[in-house]
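Novice: I have a structure here, written as C-alpha cells, and I will follow up with some questions on it.
Read the figures in this text as sums done on the coordinates, not as results from a lab. Computed from a predicted model, the values in this text were never measured in an experiment. When we count neighbours, we look across all protein chains shown, and the Cβ atoms used for this are built from the backbone with ideal geometry, even at glycine.
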Amino acid sequence: MKVLGVSGSPIKNSNAYRALKTALEATDMDYEIIKLRDYTVAPCLACLKCVNTNVCVIKDDGIELAQKAKDVDALIIAGYTPYSSLDSRTKAFIERLYPLRHKHGFMRGKPGGAIVTHAIPEGSENLPPAAEYGLNSIFFYMMEEGMEPVGGVKVQGNVPCVRCGYGNECDTSGLSMIFGPDATVEFVGIKRFEEQLEAMNAARELGKKIAEHLKLKKQLGK
Ligand SMILES: Cc1cc2nc3c(=O)[nH]c(=O)nc-3n(C[C@H](O)[C@H](O)[C@H](O)COP(=O)(O)O)c2cc1C
C-alpha cells in the first residue's frame with residue numbers, strides 16, 4: 001500500500017508542502033512526495049487521443065506523474081490559491097490525470113485528500129473564499145473520477161506582500177486589501193503551518209483517515 005502526495009506550491013519548503021508531509025507521515029504507510037515545480041506538466045489539450053490508450057499524447061512529465069497516480073492506493077493533492085482559485089500547476093496536474101478515466105476508471109474507489117494554503121482568511125467580508133474555492137477544485141476532480149475524498153485541510157498562508165519588501169508602502173499592497181488600510185507587515189506577520197493547531201490536527205486526521213480507509217478496503221477484499 002502506497003500513498004502519493006503532490007504539492008503544487010512552488011515556494012521552497014512551503015506551508016503546503018509541510019502540511020502535505022504531515023498528512024503523509026500520519027498515514028504510517030509508504031509514501032512518495034512530489035513537488036510539481038520539479039516537473040514540466042502542460043494542461044490537457046482536450047484532444048481525446050488518450051481515450052483508447054489511457055496515456056496522454058503530450059510528451060512531458062505528465063505521463064510519468066499519471067502513471068504514479070495510477071500505481072498508488074491513495075492520493076493527496078496540495079495546492080495554493082493565487083487569485084483565490086487553485087494554482088495552475090496543481091490544476092494542470094489534475095487535468096493530466098484525465099487519461100486514467102476512460103473505460104477503466106483507474107482512480108475509482110481510491111481515497112483522496114486535499115490541502116490548500118490561502119492568504120485571505122476564512123470568513124473575510126467582501127473578499128473571495130479562497131480556501132473553499134481551492135479545496136473544491138481538488139474535491140470536484142476526486143468526486144468526478146469516483147474517488148473517495150476523506151478530508152480537506154485549510155492552511156492560513158501568506159500574502160506575498162509580507163515578504164516583498166514594499167508591503168507597508170505599496171499602493172496595491174495585498175495587506176491593506178485583506179487586512180484593512182492600517183495593516184502593516186509587522187502586524188500581520190508570517191503565518192506558519194506549525195503554529196496552526198487546527199490545520200495540524202486536520203492534516204494528521206486526513207492521513208489517519210486515508211490509512212483507515214485502505215485498511216477497511218483490504219478487510220473487505222476490495
Ligand atoms: C500571484 C499570487 C496571487 C495570490 N493571490 C491570492 C488570493 O487572491 N487569495 C489568497 O487567499 N491568496 C493569494 N495568494 C497567496 C497564496 O495563496 C499564498 O502564497 C499561499 O498561502 C502560499 O504561501 P505560503 O506557503 O507562504 O503560505 C497569492 C499568491 C501569489 C503568489
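Novice: Please work out how much length the chain gains when fully extended from Asp30 to Leu216, using 0.36 nm per residue of separation minus the C-alpha to C-alpha distance, in nm with one decimal.
Specialist: 65.2 nm
Novice: Still on this model: What ratio of Cα Rg to 2.2 N^0.38 Å holds for region 5-59? All intermediate terms of the calculation are to be shown ahead of the outcome.
Specialist: Details: Rg = 15.0 Å, N = 55, 2.2 N^0.38 = 10.1 Å.
That ratio works out to 1.48.
Novice: Still on this model: Compute the relative contact order of region 63-126 as a whole-number percentage, counting only Cα pairs closer than 8 Å that sit 6 or more residues apart in sequence.
Specialist: 46 percent
Novice: Another question, then. With springs only between Cα atoms under 10 Å apart, run a GNM on the chain and tell me which of Glu122, Glu148, Glu205 wobbles the most.
Specialist: Greatest mean-square fluctuation among the candidates belongs to Glu122.
Novice: If you place +1 on the Cβ of every Lys and Arg, -1 on the Cβ of every Asp and Glu, and leave all else neutral, what size is the dipole of the chain about its Cα centre, to the nearest 20 Debye?
Specialist: So the dipole magnitude of the chain works out to roughly 1080 debye.
Novice: Then there is this: Compute the length gained on full extension between Tyr166 and Thr40: take 0.36 nm times their separation in residues and subtract their Cα-Cα distance, giving the result in nm to one decimal.
Specialist: Residue separation times 0.36 nm, minus the Cα-Cα distance, leaves 42.2 nm.
Novice: Take every Cα-Cα pair in the chain and report what % of them are more than 29 Å apart.
Specialist: That tail contains 28 percent of the Cα-Cα pairs.
Novice: Return the FRET efficiency for the residue pair Asp71, Met143: r is the Cβ-Cβ distance, R0 is 22 Å, and the value is rounded to the nearest 0.05.
Specialist: It comes out at approximately 0.50.
Novice: Take the alpha-carbon centre of region 197-218, take the same for region 140-190, and report the distance between them in whole Å.
Specialist: After rounding, the separation between the Cα centres reads 25 Å.
Novice: I'd like the Karplus ³J(HN,Hα) series for region 59-73: coefficients 6.51, -1.76, 1.60, θ = phi - 60°, whole numbers in Hz, and an x wherever there's a Gly or Pro.
Specialist: 8, 9, 6, x, 5, 4, 5, 5, 4, 4, 5, 5, 7, 8, 9
Novice: Continuing with the same structure: Karplus couplings for region 210-221 from phi (6.51 cos²θ - 1.76 cosθ + 1.60, θ = phi - 60°), rounded to Hz, Gly and Pro as x?
Specialist: 4, 5, 5, 4, 5, 5, 4, 4, 5, 4, 7, x
Novice: If the convex hull of the alpha-carbon atoms of region 108-199 is projected onto planes in all directions, what is the mean projected area in square nanometres?
Specialist: 7.0 nm²
Novice: Whole Å is fine, so just give me how far the alpha carbon centre of region 8-52 lies from that of region 60-126.
Specialist: Using only Cα atoms, the two centres lie 7 Å from each other.
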